[in-house]
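Participant: Supplied in C-alpha cells, the structure appears directly below.
The numbers here are math on the coordinates, done by the rules we state, and not lab data. What you see is a predicted model, and the numbers here were worked out from it, not measured in a lab. Positions of Cβ are generated from backbone atoms using ideal geometry, with glycine treated the same way; all protein chains shown enter the neighbour counts.
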Amino acid sequence: MEIALFCARINILILLLALCSPCKFIQSPMDLGPLNFRQNANTASIDFGRIHFNSPSAVLRPKSPQAISLLLSFLSGSSFSKITVAARGAAHSIYGQAQALDGIVIEMDALPSNIQVHRKGEREADGVSYADASGGALWVELLEESLKHGLAPRSWTDYLYLSIGGTLSIGGISGQTFKYGPQISNVLQLDVVTGKGEAITCSPSKSSELFYSVLGGLGQFGIITRARILLQEAPEKVKWVRAFYDDFHTFAKDQDLLISTPDLVDYVEGFIVINEQSLKSFSTAFPAHLHFTPKFQSDGRSKVYYCIEYAVHDHSSKDISTEQVVLELSRQMRHLPSQVYIVEVSYYDFLNRVRMEEMSLRSVGLWEVPHPWLNMFVPKSGINEFVGLLLENISAEEFEGPVLIYPLLRDKWDANASVVLPDAADDQVIYIVGMLRSANPASCPAACLQSLLQTNNRIAGAASAVGAKQYIPHHSSPAGWSEHFGRQWARFSARKARFDPLGILAPGQGIFSRRSISISSL
Ligand code: FAD
C-alpha cells in the first residue's frame, strides 16, 4: 500500500514537472496509475456563460475519489507548487467559476455516477428515503434512477443537466424552494475531499463544520465526491398552471397567497414578461396554446406583464383532487380575466421542462452563445424598488431571455451553510430575480456584450441599497467579495483557512489567492 502511495506521489511529481515545463499542455494522455490526465484541455476553458475562457494546464479524469485525494494531498504538501485545482461539474457556470487558469481541472463526470436508492424502512436504520450519488452525477440521472423506485428528490433547479456537486456548491433553487428549502437544505450527508486532500464523510452530526461550509461554499473548501439526497414519494402527474397579470402588486399578492398554502401547492415561480420574445422564451415547454396577446407599448412607454407559474402534484393518496385545488385557488387569485392556462403533464416532463427550451434554442444555434446572467436575492421590503430599478436599466426592445421572479422563505435556509442571503432579517420573504439574458453575437457583438455586463454591474451595485445580494455571486475585486459576505466574511475566511489553507480550490471564483507553503512548515 505504502509503495503504491509512493509511486502515485512520484507520478504527480512527474506531472508537475510537465506542467512547469515551457510547453504547458500535456501532449499525450497520461495514465499515472489512479491519475488519468487528458490531453486536450481546451474544452475545460468553456462554460455556459461563454464570457471567460481560462485554459488549464491539465485535465484530470478521476476514476475514483482517491485520485482526487491523492492529487490534493500532494499539492498541499509540496513547497514549490502554485498550481490550483477546479472541480468541473456540468460547467454551467457563467463567469468561469469552474475554470483554473494554468491549473488542473477535475472533470467530475469521470467518476462513476453509482446512484443507489434506499426506500424508507428498507433497512432498520433508514427512517427516511434517500439516494447516494456521485458529486459528478447529473440531477436528471438521479431523477431517472429514483423514479424507478417511485421516489424523487424534493427540491430542484429548473434545469436538470447540472451536476449534484455543482448545485450543492451554490444552493440550488426552483419553485419548490418555498416549500422544502434549497437543494442544500435537502442533503443528509456528503463525502468531501478537502483542499488538504483529506477524504471526510460529513453530516449535520459528524464533521458538521465541513458539511455546512461546503453547502453553498462555491467550491472553496472541498470537492464533493458523493452526496446523500433526501427523497420523497414522486407524483405521477402534475397540474401546471400559468396566469397573467398587468400589475406587479397584484401578481406579488397572488404569489404570497400560493406560498402560504404549502399543503396544497408544490411549486411557485413567476416571470416578468418584458416583450414578445420573453413571452416566447418560456412558452416552448408549456403544452398549451396561449390566447394572451398583450400590448407591450402603451402611450409610447413600455408596458410589462407578469406571469405566475404554479404546480400541484397529483398523488392518488390525497383527499382533494388537483382539479379542486386549482379551482379553489383560481377563485381567490386576481389574474387578468380568463388569462389562466392549465395543463396536466407527467412529473418527469414537468421537471425536465427547460430541456425543451434547450432543444429549441439549440435548433436555431442560440444555446451556445454568451449568457451575461445576473441573479439577485432581494428582500421583500425592497422588491418594488428593485423591479423599478431593473425596468429602468434594461431595454424592453433588446432584452433576450426570461426574467424570473419568485418568492422564497428565509426559514427554509440553514444559516450554518455558506450561502449569503440579504441581511434584512425581518423579511421572511426573499425574492429571487433572475435576468437570464442571451447575447447572440450576430446582434450583440463583443462591445455590446461588455455593455450588458456593465448594466448588470450597475443593477447589482444599485441593488445593494435595498439590501439585495447576488445569488451565484460574481465579484471582480476583494472589496466586492467582502461586501458580499458582510458579517459572514470572518466565518467564510476562517473556514477557508481550515479546509483549504493554500487556496488551491476553485480559483475561478476569484475569492482567494493561491498561496505557497513555506519550507519551514513542511
Ligand atoms: P460547474 O459550473 O461545473 O461548477 C460551479 C462551481 O462549483 C465551480 O466553482 C466548481 O469548481 C464547483 N464545483 C463543481 N462541482 C463540484 C463538486 N463536486 N464539489 C465542489 N465544488 C464543485 N441554479 C439554480 O439554483 N436554479 C436553477 O433553476 C438554475 N437553472 C439553471 C439553468 C441553466 C440553463 C443554467 C446554465 C444554470 C442554471 N442554474 C440554476 C445555475 C447552476 O445551478 C449553477 O451554475 C451550478 O453551479 C451549475 O452546476 P454545474 O454542475 O454546471 O457546476
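Participant: Of 111, 167, 146, whose Cα points farthest to the positive end of the dipole of region 91-175 (charges on the beta-carbon: +1 Lys, Arg; -1 Asp, Glu; origin at the Cα centre)?
Facilitator: 146
Participant: Most exposed first by the Cβ proxy, i.e. fewest other Cβ within 10 Å, how do 481, 367 rank?
Facilitator: Numbers: 481 19, 367 15.
With the sparsest Cβ surroundings first, the list reads 367, 481.
Participant: Note down the magnitude of the dipole of region 282-430 about its Cα centre, charges +1 on Lys and Arg C-beta and -1 on Asp and Glu C-beta and zero elsewhere, to the nearest 20 debye.
Facilitator: Dipole size: approximately 300 debye.
Participant: Using Stokes-Einstein with the Kirkwood hydrodynamic radius over Cα pairs, what translational diffusion coefficient do you get for region 92-159 at 4 °C and a viscosity of 1.567 mPa s, in µm²/s rounded to a whole number? Don't skip to the answer; put the middle values down first.
Facilitator: Working: Rh = 14.1 Å.
After rounding, the answer is 92 µm²/s.
Participant: Give me the orientation-averaged projected area of the Cα convex hull of the chain, in nm², one decimal. Mind showing how you got there, number by number?
Facilitator: Working: hull surface 102.9 nm².
Its Cα hull, projected and averaged over all orientations, spans 25.7 nm².
Participant: Using the Cα centre of the chain as origin and beta-carbon charges of +1 (Lys, Arg) and -1 (Asp, Glu), tell me which of 262, 304, 485 is placed farthest towards the positive end of the dipole.
Facilitator: Highest projection toward the positive end goes to 485.
Participant: Moving on to the next point. In nm, to one decimal, how far is the residue 291 label point from the residue 64 one, both placed 7 Å along Cα→Cβ?
Facilitator: Going from the residue 291 label point to the residue 64 one covers 6.3 nm.
Participant: Then there's this: Non-local amide H neighbours of residue 52 (under 5 Å, H modeled in plane, Pro and chain starts lacking H): which ones?
Facilitator: Result for residue 52 returns 96.
Participant: Then there is this: Estimate the FRET efficiency between residue 360 and residue 317 by the formula 1/(1 + (r/R0)^6), using the beta-carbon distance for r and 30 Å for R0, to the nearest 0.05.
Facilitator: 0.25
Participant: On a 19 Å Cα-Cα criterion, which of the cross-link pairs 253/380; 253/469; 82/196; 237/412; 179/253 come out too long?
Facilitator: Values: 253/380 12 Å; 253/469 23 Å; 82/196 14 Å; 237/412 26 Å; 179/253 17 Å.
Checking Cα-Cα distances, 253/469; 237/412 exceed 19 Å.
Participant: Any chance you could list P(r) for region 44-144, counting all Cα-Cα pairs in 10 angstrom bins from zero, rounded to whole %?
Facilitator: Each 10 Å bin holds this share of Cα pairs: 15, 35, 29, 15, 7, 0.
Participant: When the dipole is taken about the Cα centre of region 331-380, and only Lys, Arg (+1) and Asp, Glu (-1) are charged at their Cβ, what size is it in debye, to the nearest 20?
Facilitator: 340 debye
Participant: Out of all DSSP beta bridges in the chain, what portion is antiparallel? Express it as a percent rounded to 5.
Facilitator: That works out to approximately 90 percent antiparallel.
Participant: Using a cut-off of 13 Å between beta-carbons, work out the net charge of the residues near residue 186 (Lys and Arg +1, Asp and Glu -1, residue 186 not included).
Facilitator: So the surrounding residues net to +3.
Participant: Hey, another quick one. Compute the long axis of helix 446-463 from its Cα atoms, compare it with the longest principal axis of the Cα atoms of the chain, and write down the angle in degrees, 0 to 90, nearest 10.
Facilitator: 80 degrees
Participant: Continuing with the same structure: Rank these for me by crowding, 85, 433, 345, 214, going from fewest to most other beta carbons within 10 Å.
Facilitator: On the way: 85 26, 433 23, 345 18, 214 31.
Arranged by neighbour count, lowest to highest, 85, 433, 345, 214 become 345, 433, 85, 214.
Participant: Where does helix 353-363 land angle-wise versus the long Cα axis of the chain, in degrees 0 to 90, nearest 10?
Facilitator: Here the helix axis deviates by roughly 80 degrees.
Participant: Return 469, 237 ranked ascending by Cβ neighbour count within 10 Å, so the fewest neighbours appear first.
Facilitator: So the ranking, lowest neighbour count to highest, is 237, 469.
Participant: Place a +1 charge on the Cβ of each Lys and Arg in the chain and a -1 charge on the Cβ of each Asp and Glu, then give the dipole magnitude about the Cα centre in debye, rounded to the nearest 20.
Facilitator: That gives the chain a dipole magnitude of about 1380 debye.
Participant: Separate question: Local charge sum around residue 209 (other residues, Cβ-Cβ under 15 Å, Lys/Arg +1, Asp/Glu -1)? Walk me through the intermediate numbers first.
Facilitator: Details: positive: 196, 206, 491, 495, 496, 498; negative: 198, 414, 500.
After counting each charged neighbour, the total is +3.
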